[in-house]
Every structure is written in C-alpha cells, then in structure tokens.
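Reading through the structure tokens given below for one structure.
The values are calculated or read from the model by the stated rules, or taken from the named source; none is laboratory data. Keep in mind that what you see is a predicted model, and the values were worked out from it rather than measured. Cβ placement follows ideal geometry from the backbone for every residue including glycine, while neighbour counts extend to all protein chains displayed. The protein model used for the area step is the full one, side chains on, heavy atoms only, and it has no ligands, DNA or RNA in it. Shrake-Rupley method; radii C 1.70, N 1.55, O 1.52, S 1.80 Å.
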Amino acid sequence: MFQGCGTALVTPFRRDLSLDEDGLRRLVRRQIDAGIAFLVPCGSTGENPTLRREEHLRVIQITVEEARGKVPVLGGAGGNNTADVVELARAVEQLGVDGILSVTPFYNKPTSDGLYQHFRMISDAVRVPIVVYNVPGRTGQNVEPATMLRLSEIENVWGVKESSGNLVQIATLCARSRLAVLSGDDPMTLGIIAHGGRGLISVISNVDPVRTVRMVNAALAGDYATARELFRELLALMEVCFVESNPIPAKAALAMMALIEPALRPPLAPPQTSTITKVEQVLRTLELLEPAHARL
C-alpha cells in the first residue's frame, strides 16, 4: 500500500500563522496530479509539534478528503507520551487513513523493551497498518535491528521509515525482516531500494514531485541508469532542502513558487538570506519558477 514515492507534506500556514486549509488542499491536489504514490501529513516536515490537536486532526482530515479513492494516506501519530499517542492514533484512524506513521519516543530514552511496549500498545489500539519512524537525529535514539525485528512480530506493524543513515542497519532489516523498509532520507533512496527497500517518504517531492516520483519508480523497476540520472538532477535540491532545519528551505521554495505563504511556526525561524539565494538558484536550474501548473 505504501510502496513508491510518498510525500511528507508541509503544513501551510497563513501569515498570521493560522492553518491555511485552502493552501493544503492545493498542495494535496498538486501531489496527486504529479503521480505521487501516497501522502504523509503531520510528520516532522509538517511541523506537527506546533499543531494543536484539533489542527493535527484537521490537516489529516483534509488530506483524506482530497486523496480519498486516489492515493493512500499515512497519517502521523507519534510522541513521547504513550497514552496520548494511543489516543491520537485512534482519532487519526477514525478519519479514514490507510495507515499510521509513528515516530519513536523522544527525550524519555526508553529501553528496547520500552520501545516494544510503546508500539505494542499503539498496535492494540488500531487496526490499520503502522509504520515505525526511526529518526535518531530528531529523537536522540536509534531503534536497533534486534528491536525492529521484535516489532515485526506484531501483526499490524507493517514497515519502518528509516532515517538512521546507517545503510548496514537498513540492509539488515531488508534482508532479515518481513517489514517494508522505506527511505526517510532523500539522498539514501537509491541505496535503500537497491537493498530491497519499498520506496521513499520524501521531503523534496514537496517541491519537485514529478522528478522525484520518476526517480523512485525507475529504481523500483530496476532501471538504475534512469534513476541515477534523475538523482543527479535532484541532488542540488536534496542538498539545499537541508541547509537549515527541515522544512525551512522546502517552505521557502514553495513560497517562491507561489504555492504557499512563507510562514513557519516558532521555534522555527525564517530562512537566512543565503538560504533564500541558494533555494532560488536551485529552483531556476530545475525550471520550477514557472507557474506551478505548467509542470504537471
């Protein structure tokens, strides 16, 4: 269900920092028109720590409404208070999502068994598939392969979004686990798919969904010559999207393309002038500063 290129959607805000519902609908429709395989609202790219509960659910509801019958939706439902995450996961499931993406608990530093019990409780609360999000750079904790293999014994733990940057660890999961492994880092995508990964949950596809979809699809089809060519075209975009904390550069790019307002919620700050210059250069090279509809 979640194979291919999925987009970790940004959450658009108006200049007063209220939720831009119309902007979100436009972004979702643009992704679907570009051939995206699935959508992932309310992840870290979606600034979920700054969303109130009602906003979090509204973002997912809008995404489901726009995507229903066209592409699956993997709704974000994570955190470091297990009871709250269970409650959120149930509410997200009731919105009609096709699965739940749940980040590993941050700050608490649970043991391996604590991680297992956390996801066990989530899985007991919902029926939809669960994708574990392993992102040590944000959580401060890596989910070791042994822990992930234990989690794979839970029936509705379907896969893992891997952002550890450790290709040996990722290859181990691909080789020894039934879990579907999805790249959580755009630059790691081809290597992960080569080891048996199922696809990508992308940041850069917010900006250039057409090329990103083509790259992932080529790699999954075994056409690595085409995949490498597209990867090289997108490399500068991958680099610039992480010169500051995600999603700061991606939102700057989308604002330059007149798709959203250039609004971020604190503690994220507006991009530096040097970042804006770099983003603009990349967009011009990729010919993305023409009217947004012209590329689709």
message = Of everything in the stretch 203-223, what is over 13 Å from the mean Cα position of the chain (by Cα) and among the small types (G, A, S)? Give them in sequence order.
response = A218, A219, A221, G222
message = Tell me the residue from S112, S102 that is of a type in the set (S, T, N, Q) and buried (at least 21 other Cβ atoms within 10 Å of the Cβ), please.
response = S102
message = Quick check on my filter: what residues within the stretch 197-212 are open to solvent by less than 10 Å² (accessible area, probe 1.4 Å) and charged (D, E, K, R)?
response = D208
inquiry  = So A236 passes all but one of these: (1) in a helix (DSSP H, G or I); (2) crowded, with 24+ Cβ neighbours inside 10 Å; (3) not acidic (D, E). Which condition number does it fail?
reply    = (2)
request  = Quick one: in the stretch 213-228, of everything that is out of contact with any Phe, Trp or Tyr (no Cβ under 8 Å at 6 or more places or on another chain) and open to solvent by less than 30 Å² (accessible area, probe 1.4 Å), which residue is nearest to T273 (Cα to Cα)?
outcome  = V213
Residue under evaluation T189, criteria (1) modelled with pLDDT of 95 or more; (2) in a helix (DSSP H, G or I); (3) over 14 Å from the mean Cα position of the chain (by Cα), criterion not met = (3)
message = Any residue that is crowded, with 17+ Cβ neighbours inside 10 Å, at pLDDT 95 or above and assigned to a helix (DSSP H, G or I) - is there at least one of those in the stretch 240-247?
response = yes
Residue, most open to solvent (accessible area, probe 1.4 Å), within the stretch 13-55, restricted to residues that are within 24 Å of L288 (Cβ to Cβ) and of a type in the set (K, R) = R15
query = Take the residues of the stretch 81-99 that are out of contact with any strand residue (DSSP E or B) (no Cβ under 9 Å at 6 or more places or on another chain) and open to solvent by 30 Å² or more (accessible area, probe 1.4 Å): which is farthest from Q117 (Cα to Cα)?
reply = Q94
query = Here are some conditions: (1) aromatic (F, W, Y); (2) surrounded by fewer than 20 Cβ atoms within 10 Å (Cβ to Cβ); (3) within 21 Å of the chain's Cα centre (by Cα). F231 meets all but one. Which one does it not meet?
reply = (2)
inquiry  = Given the options A253, A263, name the one that is assigned to a loop (DSSP other than H, G, I, E, B), open to solvent by less than 10 Å² (accessible area, probe 1.4 Å), on the phi < 0 side of the Ramachandran plot and not polar (S, T, N, Q).
reply    = A263
